[in-house]
Structure formats: C-alpha cells, structure tokens
Amino acid sequence: MRNILVTGGAGFIGSNFIKYVLKNFDYNIINFDKLTYAGNLENLSDIETDKRYTFIKGDICNENQVEECIKKYKVDAIVNFAAESHVDRSILGAREFIITNILGTQVLLDAVKKFSIEKFLQVSTDEVYGSLPEDQKEIKFTEKTPLDPSSPYSASKASADLLCIAYFRTHKLPVLITRCSNNYGPYQFPEKLIPLMIAKALNNEKLPVYGDGMNIRDWLYVEDHCSAICKVLEFGKFGEIYNIGGNNEWHNIDIVRLILNKLSKSEDLILFVKDRPGHDRRYAIDSTKIKNELNWEPKHKFEDGIDKTIKWYIENQNWWKKVMSGEYLKYYELNYSQKIV
Ligand code: NAD
Ligand code: DAU
C-alpha cells in the first residue's frame, strides 16, 4: 500500500486525516473532493506543497472521474470520507445525501472491483444504530447492535454500509467499515454543535440549544478518530465493522455551558429552540473490539481536547468567519485554477 485515495479530504475529518497520515506514515495521498460548501482547501494549506500530496477536484458519483484518478495515480487503497454529513441539512432536503452517500459509495465499490484495489475503508457513523435509552448507561452500541437510523443522513450512511457488506460477500471485495461517535477539533464546519457554539459565543450571539438540551453524545477528539482509521486500514480484517468512540458522554447543555464558562461568557446567551425532528436521545460507543483486536485507544483527554479546540477557534477567527460567509470559495479559485486535472 503506497498510494491512498482519500475522498472528501477537504472536509473536517478528511483534512485532519491527511495531515495525520503525512506526519506519521510514508504514503502518497490523493485527495479527491468535490468541494461542496463543506470542502475547504484552506484546511490543507500547510501541507499543500508536500510532494506526497495531490489534490483532485472530483465527484465520487462520477464514474469517469473516479476511474481516471485511480488509473493516473495507481491507487492502492481508498478511504471514503466523502459525504453529506449534517443531519439538519438532511432534514431540510435528503436528495444530495442519497446521491453522494449511497450512489457515490456504489461508484467507489465498483471501481475497487474493476481495478482490484487492495483495501477500501468506509468511514461510517454510530448514527446508523439509532438512539440508546438515556437511563440505562450500561447499554452502548456494539458492532452487533441492529441498524435503526432516525434521519435521512443516518439512513443514507446505513445504506452505504449495507452496500459495502454486500460487495464483500458477493464480490469478495477488501472492505473495512468504521463507525465513529461525534468528533470535535480544529477545522470543523461551524454548523456542528461545538464549533457553532464557540463561534456564537465569541460573537456574543444567542446559542441555539435544541429541545431540552439533555440529548447525549459521545465526543472524540478528531486526531483519535484518525489514528483509529489508520489502525483499521493497516490491521483490520476484511468484511469487519469497527466501532470507534471516546467513552465520553455529555449532555448537550453541559457542553454549551462549558464553552460559555471557558470563554467567560454569560449563560444568558443560551436560547432553547424547537427540537430537531427525529432527534436521537443518546449515543454511546462500546470500543471493546477495536481495543482488544487492534490495540487502539483514544489518547486525548476531553479536558485537553476541548481546550485545544476552543483555543484553535479563538486563534483562527478568519477561518470560520470566511467559511461562514462563503468567502473561502475564492481561495480555491485563486490557488488551484491552474492545478485542476
Ligand atoms: P464534512 O462535511 O466536513 O466533509 C465532507 C467532505 O466531503 C467535504 O470536503 C465535501 O466537499 C466532500 N464531498 C461531499 N460530497 C462529495 C462528492 N460527491 N464527491 C467528493 N467529495 C464530496 O464531513 P466530516 O464531518 O469531515 O465527515 C467525514 C465523514 O465521516 C463522513 O462520511 C461522515 O459521515 C463521517 N463521520 C463524521 C463524524 C463527525 O462527527 N463529523 C463522526 C462519524 C463519522
Ligand atoms: O455521531 C456521529 C455524527 O455526529 C456524525 O455522523 C455526523 O456527521 C455529525 O454531524 C454528528 O451528528 P450530530 O447530529 O450528533 O451532530 P451535531 O453537531 O449536528 O449535533 C450534536 C448535538 O447537538 C445534537 O444532539 C443536536 C444538538 N444541537 C446541534 C446544533 C447544530 C443543538 O442543540 N443545537 C444546534 O444548533
């Protein structure tokens, strides 16, 4: 395995993953990204001149683009991050989620088959399992928990997972699936809870908390997710699913209060708003399998990870202000118009 195609590498986790790999391994990375509203090449500006890194603007739903890229760069393995990833957007309109998350995965799987790619890792989510009871803390998602998605987003991710398993069984493809809990860290698009709340607090704007704020998420620092994906890519068993989690459950309202407190802002900024339809109450991951079989554990303590994240958003206000105004699109035009294949 030398040449890794990373799809969706200009997004939050994909860009963190590319940097993590370039720092810790000697692979060539081809970042294949459509640059939707969530894709931002500025996330990669510190490594864009690395000789082991190439960016290709492309759509995973476009068979020709995918195949050309695989041939040109002699791709050995694919890690698929490319997706529509925001639950609220999937509630407003599901179509793009079905197209990219399901059809796009099928296009990649067919390419894996056609070009005998060595490994295909599907980056999935714990949301495919639906919601856990909040009063039975001993119950967590294992890899055997039945699929029970609640939103069009999680239904599209569950569908993609089923396709991956079907291609493994039918075509013997070298498929690996990871299902991770909520990530946080630098470069997360400020539509997601933690960066949105930091940005709103820094702007002294109201922080919109859905419902009663008592929904629970299991938070993992993004670099820990990246290290887990590398473990699975290197040592995972084909056809297997690996859950990845932080063992770190928080009520949303407590996260919001923590952020306000750390920024010395008043809790009067909290605004309870109408709940998200189909809102999953609790997520919690049982990571026993990846710990026992692949010797992976998260390295970052939440207290440190959240401090680092808040510091990053304070120091990089230009990044999220531009992202929020859509201005970052100009960056792409300016820097990459010459480089697109
Ligand atoms: P993101 O929205 O920040 O990034 C998605 C990236 O995919 C963007 O760069 C976008 O331009 C690209 N993309 C979208 N459609 C594409 C297409 N058709 N072709 C090529 N590129 C396309 O998402 P993220 O938060 O970084 O999540 C990455 C992956 O990890 C997703 O598959 C998501 O389901 C999964 N995941 C996310 C989390 C989380 O907490 N964010 C947790 C578990 C799993
Ligand atoms: O669990 C993994 C998933 O985590 C990933 O698959 C998704 O791609 C990712 O977006 C994330 O999904 P969530 O829906 O859990 O994340 P989000 O940041 O949108 O919301 C986290 C919680 O905060 C959720 O209970 C809804 C709540 N929330 C969110 C927003 C944006 C609010 O209360 N107010 C808000 O404004």
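A short reminder: the numbers here are calculations on the coordinates, not readings from a lab. Quick caveat: nothing in here was measured; it's all calculated off a predicted structure. Note that each Cβ is placed from the backbone with ideal geometry, even for glycine, and that neighbours are counted across all protein chains shown.
Brief remarks on what is shown
- Taking θ as phi - 60° and the Karplus parameters 6.51, -1.76 and 1.60, the scalar couplings of the range 135-147 work out to 9, 10, 4, 6, 8, 9, 6, 10, 5, 9, 4, x, 5 Hz in sequence order, x denoting glycine and proline.
- Full-extension gain in nm, D275 to E63, via 0.36 nm per residue minus C-alpha separation: 72.4 nm
- Cut-off 12 Å (backbone N to label point 7 Å along Cα→Cβ of D46), residues of the range 187-206: 187
- Nearest-0.05 FRET efficiency for N203 and E293, computed from C-beta distance (R0 45 Å): 0.50
- In a reduced charge model with +1 at each Lys and Arg Cβ and -1 at each Asp and Glu Cβ, the chain shows a dipole moment near 640 debye about its Cα centre.
- The distance between label points at K311 and E333 comes to 3.6 nm (points 7 Å beyond Cα on the Cα→Cβ vector).
- Residue among D76, D26, D218 with the largest mean-square fluctuation in a Gaussian network model of the chain, springs linking Cα atoms under 10 Å: D26
- Calculated [222 nm] ellipticity per residue, helices only, for the chain: -12000 deg cm²/dmol; basis is -39500 (n - 2.57) per DSSP H run with n ≥ 4, divided by all residues, nearest 500.
- Over 28 Å (Cα to Cα) - which of K237/K299; K57/K206; K262/K299; K157/K321 fall in this group: K57/K206; K157/K321
- Pairwise label distance in nanometres, T142 with I91, each label 7 Å out on the Cα-Cβ vector: 3.2
- Summary of the geometry: the range 109-170 and the range 191-244, compared by the centres of their Cα atoms, lie 17 Å apart.
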